[in-house]
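Remarks on the structure that follows.
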There are 2 protein chains.
Amino acid sequence: MRSHNSRSCGALAAAVVPLAFALTFASLSAAVAAQSTRAQTPSAPDAEAIPAAPSPVLLSREALAGAIGVREMGLRSEEAYQILEELTTEVGQRFAGTAGDRAGVAWAVKKMQALGFSNVRTQEVIVPRWIRGEASFEVLAPYPMNMVTLALGGSIGTPDEGLEAPIVMVQDIAALQALPEGTLRGKIVFFNGRMERTRDGSGYGKAVRSRSEGPSIAGSLGAIGVVIRSVGTSTNRIAHTGTLSYNVSAPRIPAVAISNPDADVLERQVAQTRPNGKAAGQPVTVRLRVTSRDLPQVRSANVIGDIPGTDLANEIVLIGAHLDSWDVGHGVQDDGAGVAIALAAVRAAASVNPKPRRTLRVVLFANEEFGLSGAGRYPISEGDEAVAQHAFAMEADLGDGPVWKLSARVPEPYWAAIDQVHKVVKSLEVELGDNTAAGGADLGPLRRAGVPVIAPQLDASTYFDIHHTVNDTLDQIDPAHLRQSTAVFGVAAYAAAMVDGPVPRLEGERARCAVSRLNNHSHNHSQ
Amino acid sequence: MRSHNSRSCGALAAAVVPLAFALTFASLSAAVAAQSTRAQTPSAPDAEAIPAAPSPVLLSREALAGAIGVREMGLRSEEAYQILEELTTEVGQRFAGTAGDRAGVAWAVKKMQALGFSNVRTQEVIVPRWIRGEASFEVLAPYPMNMVTLALGGSIGTPDEGLEAPIVMVQDIAALQALPEGTLRGKIVFFNGRMERTRDGSGYGKAVRSRSEGPSIAGSLGAIGVVIRSVGTSTNRIAHTGTLSYNVSAPRIPAVAISNPDADVLERQVAQTRPNGKAAGQPVTVRLRVTSRDLPQVRSANVIGDIPGTDLANEIVLIGAHLDSWDVGHGVQDDGAGVAIALAAVRAAASVNPKPRRTLRVVLFANEEFGLSGAGRYPISEGDEAVAQHAFAMEADLGDGPVWKLSARVPEPYWAAIDQVHKVVKSLEVELGDNTAAGGADLGPLRRAGVPVIAPQLDASTYFDIHHTVNDTLDQIDPAHLRQSTAVFGVAAYAAAMVDGPVPRLEGERARCAVSRLNNHSHNHSQ
């Protein structure tokens, strides 16, 4: 899972946005909006639509009964947990371009086939191949100490002997930019800001800027390296990885994260060098060593499978998750849980009567973590016409849940159906959100193409204790959370497949900076 | 902290026990026992002691009032936490023979001086020097995966290319020994037994045998390597280190621990190779690589400081902790907490009136973790006469507490005073234990010399989540626990310094296998 928070977008990044999509869907949008109004008033004469507030689109009584069946099926289902257990036992980490990534793709194809999906297929995606190598971070003075460290994803390496320099401690980018000119020349920047624990994950979005943008900003101010306090809420002595975004116009400098307890120690050492400290006036000097490096790009794949619909089988309800993971954990909460929820939810949705009208499609995206490669590739490989057939899209990429809020970004008339879905799942302690949801990083290109989004929001209160660390393992999963999330995603997917259409396109979301590393090497995104 | 549980002792180990002490103290014991009886009946004529049940030894009213003052002082004291914070900030890990070990000794001398201890001194201790190097453990089949690994303390290394072999999974040593002859030839043994969480730490003693004795037993049965499930209660994906005990008569084979979540995965992979599994009939094949090695022994030191007593200043109440730690964490719970509790408790005890009659001595032992070197050296360097002056000994080596039980191993008449101490600390939720306590690993040589022991037992319920792992950091400390432990240790130390004497010797405890690595290289101990 990546952050969706605001960030500065380079002009280069904006230039590669597929504008063709936006144009295509803007025109489509007007047409289907008119159709939609018709669809809501089937007995009305086939006349010109009168400009008026569109009628709400509601689920039929049969569809609501089916949705309740999906909920009950999801709540009883052990399938999501079984999928996760199997993924952990047979595959483990699935970092882009590794053997684990390839094993994950092979596993997913077999698994979808075994679960009865139709038209199970892989869609080739070219992914970057970054080698983590080793990273060490050592305080040399005033008090020598080794610290637990991981390179940030995409970091360059250091010379074999490492970089030795005094550190400059700041809380965040604003504080860094406020320093007098020349302060950072030849120094290593220590970003010490702490991530705030929040239910909606917003604390991550705020804290992650030091990681994503910090290295290039520090580099442009003369720094030779960056060390950050892990962007995570865990107090375990483990470091948190994730991608940095080198800006093409700034010098590239190596960057690592140290664990939160180590950052505490470093902060206390810095305090000792302040005027009244025991080591007053001394610099805190460190040695940073990183052997990270890039290899040529390699092949990976999106894995796609369908449960065909009935009368609207040519329209798609997409439920996405990403198959790749970071390399340090087992990729269970991020995003094995999403894979499991998506597969089990669709299975639950397909198990009731009346059968889903639209085709339910699970897309397991390649390389979300290190460049959103699969998300970028999907609409290109599918083609504009196929994308136009996507009625709704959903994504699960924030751990095992539970779902605590149901939000969406749907054409106004469809909010009534979202409200109906909420009533079906309200007893599972789900609040009703609003109609401005983003839905997830892998849905970016589809959102920009105007595809409506339904967004069951997963509770992220403890997610960032685990996320992007070695601790992303099966024992951190709560099977009850997984069942609840399966139920809610299942109900939402089922409702999306049942509601009348054609579903209008939305105005395409303004392009964010989600440009694949394949398109440029600026890493201009947060993940 | 090491285990005191039963283990098989080799003849070699038993042979080097300092029997001289046992003899010396057996004779001393009779003499002081007679004196003690006199001391309890100061008005009695100076006649031959009549063989009768000795009168209980009680604390005076003034001493009890002082003890209450110590309790209140300890409960308010932030000193233990400040000591720990300083130790973590300025020193960190203190593994035997490392730069951290030397920094720890220098820090402790300065700290004791700053705290007002008298006669602060170092006592040279020769310690082994083992290099951890790197360890990797990789499953090759049926499902390739890397696992989080640490070498066990003292392990030999492997060839550069590692060892590649099928594994044989067993729960414990008994199961290993029950296997048909030849089963293990050329195999790597996987000890999969789980440690049980207990308040008194007894779960550790049971589980640790696979680590301490397992490698030599497996080696003698033809195995070429050992991997164990981490001996700890943490579900974090971090491995737990600790010392193995090579038996001189068995082939030495390398041994590592994998994290508990990784052991879960390995167990599930093994299950898949069982008759009904997906990989039925296939072996689980792994590659183990370790670069651990021994260097020549180096110098370390016990650090000793006194708070002189008043009328019984020539008698000693020893409060011990160990200054060394494992290399992977910051050495905070094990045993920085003990260091902090010992220093702060003695300070609290010395702060009240009437002043402690006996001298309160803090001994910070060198290299407990990797051979009990300092504990073995202390009585030898001090000499028999000085050891005979030790009225009581105490030790803190099970984390920050709180103390949940007060036990002891004192001459019967002194149990009455222990009962009085208990009444002073009962309100701090301390139970009364019994008179058969061991007191701690570093007290072994003193126990064998007949020195009575007072044992405030620290609550170990969560200690083994942290112990011997990277997670042994300051943020895992509960300052309230530390205050309570300081109060209880302070009261006990104060009472031990105030109670009438001379305190008789006990019959020396039978020697256990705590033979230093310096004396033989069999590592014949659990730690």
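Each reported figure results from applying straightforward, stated rules to the coordinates on display, with no laboratory input. The model shown is predicted, which means the values in this text are computed figures rather than measured ones. When we count neighbours, we look across all protein chains shown, and the Cβ atoms used for this are built from the backbone with ideal geometry, even at glycine.
Global dimensions of the range B:118-205 from alpha-carbon coordinates: Rg and Dmax equal 18.8, 63 Å.
Shown for the range A:348-441 is the translational diffusion coefficient from the Stokes-Einstein equation, using the Kirkwood radius over Cα pairs, a temperature of 37 °C and a viscosity of 0.692 mPa s: 212 µm²/s.
Here chain A is treated as a sphere whose radius is the Kirkwood value from Cα pairs; by Stokes-Einstein at 10 °C and 1.306 mPa s it diffuses with a coefficient of 67 µm²/s. The phi torsions of the range B:456-466, fed into the Karplus equation with coefficients 6.51, -1.76 and 1.60 and a -60° offset, translate into couplings of x, 8, 7, 6, 9, 3, 10, 4, 7, 7, 10 Hz, rounded to whole numbers, with Gly and Pro shown as x.
Summarising the strand pairing of the range B:237-367, around 40 percent of its internal DSSP beta bridges are antiparallel. Mind pulling the angle between the C-alpha long axis of helix A:479-498 and the longest principal axis of chain A? Nearest 10 degrees, somewhere in 0 to 90. Its long axis makes an angle of about 40 degrees. Taking the number of Cβ atoms within 10 Å of each Cβ as an exposure proxy, the fewest-first ranking of A:Thr122, B:Thr233 is A:Thr122, B:Thr233. Across the identical copies, the label point of B:Asp172 (7 Å from Cα in the Cβ direction) is separated from its matches by 5.4 nm, in order from shortest. The distance between label points at B:Ser427 and B:Gln171 comes to 4.7 nm (points 7 Å beyond Cα on the Cα→Cβ vector). In this entry, the range A:68-146 is assigned a mean projected area of 10.0 nm², taken as a quarter of its C-alpha convex hull surface. Of all DSSP beta bridges confined to the protein assembly as shown, the antiparallel ones make up roughly 55%. Other residues lying with their Cβ under 12 Å from the Cβ of A:Pro402 contribute a combined charge of -2, Lys and Arg counting +1, Asp and Glu -1.
Could you give the angle, 0 to 90 degrees to the nearest 10, between helix A:79-90's Cα long axis and the longest principal axis of the Cα atoms of chain A? The angle comes out at about 40 degrees.
Each of B:Thr473, B:Ile126, B:Leu84 was placed along the dipole of chain B (beta-carbon charges, centred on the mean Cα), and the one lying farthest toward the positive end is B:Ile126. Considering only Cα atoms, the convex hull volume of the range B:243-292 works out to 121 Å³ per residue. Computed about its Cα centre, the charge dipole of the range B:287-369 is approximately 80 debye, with only Lys, Arg, Asp and Glu carrying charge at their Cβ. From most to least packed by mean Cβ count within 10 Å, the peptides B:152-161, B:467-476, A:174-183 give B:467-476, B:152-161, A:174-183. All C-alpha to C-alpha distances of the protein assembly as shown, sorted into 10 Å bins beginning at zero, yield P(r) values of 2, 10, 18, 19, 17, 14, 10, 6, 3, 1, 0, 0, 0 percent in whole numbers.
Which FRET efficiency value, to the nearest 0.05, is calculated for A:Gln389 and B:Val298 with the Förster distance at 45 angstrom and r the Cβ-Cβ distance? Here the calculated transfer efficiency is 0.05. Rounded to the nearest Hz, the phi-derived 3J(HN,Hα) couplings of the range A:428-440 under the Karplus curve 6.51 cos²θ - 1.76 cosθ + 1.60 (θ = phi - 60°) are 8, 6, 10, 7, 9, x, 10, 9, 10, 5, 8, x, x, where x marks glycine and proline. Once backbone amide H atoms are built at 1.01 Å from N, B:Ala141 has B:Thr285 as its partners under 5 Å, excluding neighbours fewer than 5 places away on the same chain. Taking the longest Cα principal axis of chain B as reference, the axis of helix B:99-114 is set at about 20 degrees.
Label-to-label distances for A:Arg121 across copies, nearest first, come out at 8.5 nm, using points 7 Å from Cα in the beta-carbon direction.
Apply the Karplus curve 6.51 cos²θ - 1.76 cosθ + 1.60, θ = phi - 60°, to the phi angles in the range B:262-267 and return the couplings in whole Hz, x for Gly and Pro. Computed from phi, the couplings for the range B:262-267 are 5, 4, 4, 5, 4, 4 Hz.
For A:Asp306, B:Asp324, the sequence from fewest to most other C-beta atoms within 10 Å is A:Asp306, B:Asp324. Inter-chain neighbour count for A:78-91: the average number of beta-carbon atoms from partner chains within 10 Å of each residue's beta-carbon is 3.
Working note: 222 nm ellipticity from helices only, DSSP H runs with n ≥ 4, each -39,500 (n - 2.57), summed and divided by the residues of the protein assembly as shown, gives -9500 deg cm²/dmol to the nearest 500. Between copies, A:Ser461 shows label-point distances of 2.1 nm, shortest first, with the point placed 7 angstrom from Cα along Cα to C-beta. For the range B:384-516, the pair-distance distribution built from all alpha carbon pairs, in bins 5 Å wide starting at 0, is 2, 10, 20, 21, 18, 14, 9, 4, 1 percent. Expressed to the nearest 5 percent, the antiparallel share of DSSP beta bridges inside chain B is 55 percent.
Take each residue of peptide B:233-245, count the partner chain Cβ atoms within 10 Å of its Cβ, and average: the result is 3. Normalised by residue count, the range A:172-322 yields a Cα convex hull volume of 192 Å³ per residue. In chain A, the beta carbon lying closest to the axis that superposes A onto B belongs to the residue given here with its whole-angstrom distance, A:Asn236, 3.
When the convex hull of its Cα atoms is viewed from all sides, the range B:395-441 shows a mean projected area of 3.4 nm².
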